[in-house]
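The values are calculated or read from the model by the stated rules, or taken from the named source; none is laboratory data. This is a predicted model, so every value here is computed, not measured. Reconstructed Cβ throughout: ideal geometry from the backbone, glycine too, with neighbour counts over all protein chains shown. All accessible areas refer to the heavy atoms of the entire protein, side chains included, with ligands and DNA or RNA removed. Shrake-Rupley method; radii C 1.70, N 1.55, O 1.52, S 1.80 Å.
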Amino acid sequence: MIANRSPAPSTLKWLYITIAILVAIFLSIAFLINYRLKPYASNKIRTAVHESTHGLYNVDFKDIHISLFKGAITFDSLSFKPDTSVIQALREKDDAPKHIYQFDIKALAFRNISFWDVYFRKKIDMESVVIYKPQITVTYNNFKTREEEDVKRAAYQQISKFLRSIHVNYLIVNDAELQYVDKSDGPIQTTNFKGLNIKVTEFRLDSASQYDKNNFYYTQNIQLNLKDHKFTTNDGLYTITVADITSSTSGRNLRFNGLTIKPKYPGMEFSRKYKEQHDRYDINCKEIILTDIDFYRLNVYRRLNASSLIISGAEVKIFMNRELPPVTFDKGRNYPHMILRRLKLKTTIDTVLMKNMSISYSEYNPMSQKKGTVSFNRFNALIRNVSNDSVGLSANHWLRAAVSTWIMNKGKMNVNINMNLIAKNADFNFNGSMGRMDMRELNSLSRNMSLAEIESGTINKAEFKVSGNLRTTSGYLKLHYTNLKVNVLKGDEDSGELEKRGLISAIANSIVIKNDNPDKDGKLRIGKADAERINSASFFNLMWKSIFSGLKESVGFTLGSPEKLQVIKPVTKQEQRKADREQRREERKAKRKN
């Protein structure tokens, strides 16, 4: 057998020396290349940015680190800023871009670059770009400018002076602060976002991609994510929180999860922050999704085009304090279709879908010193043609909403609402029906708001149809009910509790109130749903006032002579004391008879 022999010590010595010399030479060459390459690359980058943007932007950085072995470049404290003098010059030639960008980046890292391809083939092909903690400011100016498609194609024409193509698999932005400044019209509006994360997939800029209309600014997808976003409204009265916001350009969607709008103060305290009546909103929404968004039109032309807006699981609570004086402005401007018309953003949404919502409206009545509440549970709505775009409205100018809900979670109601989106007088109409319901379920509203308690009564069905505009409505209500009896109430001066006015209630039920509709002869009283809106009343107040007008006629409040109406109108304290004495006198007579 031949024994294995180890290399002689002298052989190993020369091997180690040779390796060490080669490593030293390689490191020396790398150091010299890096030493020479660093200033060369720095100068090239600054020049390329300045020239490719025609002097519009300048880039600067504190330091640059280049690793030939790893194929990596890292920038420290990089800034990317516009030249305001160039912007002004371009604006005078109607050539200034509408969006101006500014970046201040803590660190910017390029990974897995083939420097061979960059130098010899004029191509950048890298695995990833990572941006750490950038501060981004985007300013929108409504400048008159070139068509964006021309600007998009010009991007490749500019980089082609230096490179044939750029390809990045992933661009990742971590923990960004974004400030969006809108200078389009009127006062400047600024919106701030913190903790924004962005992931860009497959960025490719070359001679072919400039014509590819399937990508969004040369990318396969841009995905945004923002968690636990919170801000306070300008008046300091509301805090708005969103647990999670996500968006995807390839998915063409925008999603909000866990949206809450919380008032800073309780109901009465909140209302007294104003000198006039203002609604207080408390909103908790599970999910909002905007689908099939045209992000290109949104970014370039400031037009929001989407297939659907889906609102799921929202709970909305509204409170109004009526002890304050009404507002001095005309609330007609806040009709839904008037608000849509005033939006700066041109908007077209084919379908709005509201799913499984609950809405409650409460008012404090200074006469009863109580709060009355009406609720709409299991609220679902399908709304079509939500738009303020004049081009689309020329073909179809009606917004149509189909609503299904349960009043006080007891009575099923279906309502169709139609709004003329171009009518100067804000024309609209609505019609609907209601199923069987025990009328006593409405006492939480009627006791405190109307000082009337429903002792008994059943709605068998109701049908209504109303047309209206900014000022008036006209229509009818067919209310089928049986065995209606009411108690007229008064407030006790000592306890503050509501008490029954026995005599007045008896007179009301025997003379004024019609206990059944149709009556015993089968004749149906049809109530006129006519109403007139005062300046301080809202769109939904006018709708309710119309139905209430028809309801009063149906039950007899306005069918008799004026003398009958005197029975149930609000009375003075002197008249109330007189009525109380008469009631006690009647009660004593009844006791003596017994």
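Okay, here's what the table says:
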read-out: Tabulated pairs, the range 368-397, first without any contact (Cβ under 8 Å) to a residue 60 or more places away in the chain and aromatic (F, W, Y), second in a loop (DSSP other than H, G, I, E, B) and open to solvent by less than 60 Å² (accessible area, probe 1.4 Å), C-beta under 9 angstrom, 6+ apart or interchain; value: F376/M408
read-out: Residues (surrounded by 17 or more Cβ atoms within 10 Å (Cβ to Cβ) and more than 33 Å from the chain's Cα centre (by Cα)) located in the range 73-85; value: I73, T74, F75, L78
read-out: Residue ID - modelled with the lowest pLDDT, chosen from residues in the range 113-159 that are open to solvent by less than 50 Å² (accessible area, probe 1.4 Å) and assigned to a loop (DSSP other than H, G, I, E, B); value: T145
read-out: Checking S549 against (1) of a type in the set (S, T, Y); (2) modelled with pLDDT of 90 or more; (3) under 25 Å from P325 (Cα atoms), the condition it does not meet; value: (2)
read-out: Every residue from the range 81-100 that is closer than 14 Å to T53 by Cα and among the polar types (S, T, N, Q); value: T84, S85
read-out: Residue count for the range 325-365, restricted to those that are open to solvent by less than 30 Å² (accessible area, probe 1.4 Å) and farther than 24 Å from F428 by Cβ; value: 2
read-out: Any pair with Cβ under 7 angstrom, 6 or more apart, that starts in the range 40-61 at a residue that is within 11 Å of F103 (Cβ to Cβ) and open to solvent by less than 50 Å² (accessible area, probe 1.4 Å) and ends at one that is part of a helix (DSSP H, G or I) and not small (G, A, S); value: Y57/V49; V59/I45; V59/R46; V59/V49
read-out: Which listed residue, of R255, R297, R272, is more than 16 Å from the chain's Cα centre (by Cα), of a type in the set (D, E, K, R) and closer than 23 Å to S387 by Cβ; value: R297
read-out: Residue tally, condition without any contact (Cβ under 8 Å) to a residue 24 or more places away in the chain, more than 30 Å from R322 (Cα to Cα) and open to solvent by 60 Å² or more (accessible area, probe 1.4 Å), over the range 269-300; value: 1
read-out: Leading residue by the ranking (nearest to V242 (Cα to Cα)) among those in the range 175-205 that are surrounded by 14 or more Cβ atoms within 10 Å (Cβ to Cβ) and modelled with pLDDT under 80; value: S184
read-out: Restricting the range 527-543 to residues that are surrounded by fewer than 16 Cβ atoms within 10 Å (Cβ to Cβ) and hydrophobic (A, V, I, L, M, F, W, C), the residue that is farthest from N431 (Cα to Cα); value: I534
read-out: Every residue from the range 465-496 that is at pLDDT below 60 and open to solvent by 50 Å² or more (accessible area, probe 1.4 Å); value: E493, D494, S495
read-out: Residue that is farthest from I547 (Cα to Cα), among those in the range 369-391 that are buried (at least 17 other Cβ atoms within 10 Å of the Cβ) and among the small types (G, A, S); value: S387
read-out: Within the range 187-220, tally of residues that are more than 21 Å from F103 (Cβ to Cβ) and in contact (Cβ under 8 Å) with a residue 24 or more places away in the chain; value: 8
read-out: Matching entry among M413, M439, M354, M419 (being at pLDDT below 95 and of a type in the set (A, V, I, L, M)); value: M439
read-out: I311, sole failed condition from (1) at pLDDT 95 or above; (2) in contact with a Ser or Thr (Cβ under 9 Å, 6 or more places away or on another chain); value: (2)
read-out: Unique residue being within 28 Å of Q277 (Cβ to Cβ) and either in a strand (DSSP E or B) or of a type in the set (S, T, Y) (or both) when the list is L382, L399; value: L399
read-out: Count - residues of the range 215-254 that are farther than 30 Å from K273 by Cα, open to solvent by 20 Å² or more (accessible area, probe 1.4 Å) and hydrophobic (A, V, I, L, M, F, W, C); value: 5
read-out: Count of residues meeting criterion [within 13 Å of N142 (Cα to Cα) and either of a type in the set (D, E, K, R) or open to solvent by 80 Å² or more (accessible area, probe 1.4 Å) (or both)] in the range 86-102; value: 4
read-out: Residue identified as buried (at least 18 other Cβ atoms within 10 Å of the Cβ), closer than 20 Å to G550 by Cβ and aliphatic (A, V, I, L, M) among M408, M419; value: M408
read-out: Set A306, A314: member being open to solvent by less than 40 Å² (accessible area, probe 1.4 Å), closer than 25 Å to T219 by Cα and not in a helix (DSSP H, G or I); value: A306
